[in-house]
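The values are calculated or read from the model by the stated rules, or taken from the named source; none is laboratory data. As the structure is a prediction and not an experimental result, all values here were calculated from the model. These accessible areas exclude ligands, DNA and RNA; they are computed on the full protein's heavy atoms, side chains included. Shrake-Rupley method; radii C 1.70, N 1.55, O 1.52, S 1.80 Å.
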Amino acid sequence: MKILQANAGVLTNFEVLDFLQKRGASQDPTRVLCPVTASEFKVYDYLVQSAACNQTRECIYEFLKGCEEYDLAKAEKLNIINIRPSSVVEIDPIIEECEKRMEGETVEKLVEMTVQVLPQPSN
């Protein structure tokens, strides 16, 4: 394997979960046979219980298209995808200077869009 470009960008939790599943993390209940390290299994166990477990590439793409009107930074979009806030109280700390950049109604519309597009984590 050859690294073409180191640190080319950040990954969503969904992309990390997808990568670990492709390496066999979900197929080896004994956790001995597949080429996944113990620390990767811990990450896998966490992500399976997070919002990433029910996300798809399509819903993430749809969310990113819907975010175009809100002027969010890449890191803010990434955190919203990973955390999947379902209320204004949860989204406020994710968006820097939320009160200054967005009106209350705009934030509520962003939360509504997030809840509609990104699937709820299975608990």
Exercise. HN-Hα J couplings of region 72-77 from phi, Karplus 6.51/-1.76/1.60, θ = phi - 60°, integer Hz, Gly and Pro as x?
Worked result: 9, 6, 4, 5, 5, 4
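Could you compute how fast the chain diffuses translationally, taking Rh as the Kirkwood radius over C-alpha pairs and applying Stokes-Einstein at 10 °C with viscosity 1.306 mPa s? Give it in µm² per second. List each step's numbers first, then the result.
Numbers: Rh = 15.9 Å.
Approximately 100 µm²/s, per Stokes-Einstein.
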Problem set entry | Contact order relative to length of the chain, as percent, for alpha carbon pairs under 8 angstrom and 6 or more apart | 30 percent
Exercise. Accessible area per residue of the chain at 1.4 Å probe, in Å²?
Worked result: 69 Å²
Exercise. Residue separation times 0.36 nm, minus the C-alpha to C-alpha distance between Lys22 and Ala75: what's the value?
Worked result: 16.5 nm
Exercise. Calculated from DSSP H runs of 4 or more alone, at -39500 (n - 2.57) each and per residue, what is the 222 nm mean residue ellipticity of the chain, nearest 500?
Worked result: -14500 deg cm²/dmol
For this session: Please give every one of the lysines within straight-line cross-link reach of Lys22, meaning a C-alpha to C-alpha distance under 22 Å, and leave out same-chain neighbours fewer than 8 residues apart.
Result: Lys2, Lys42
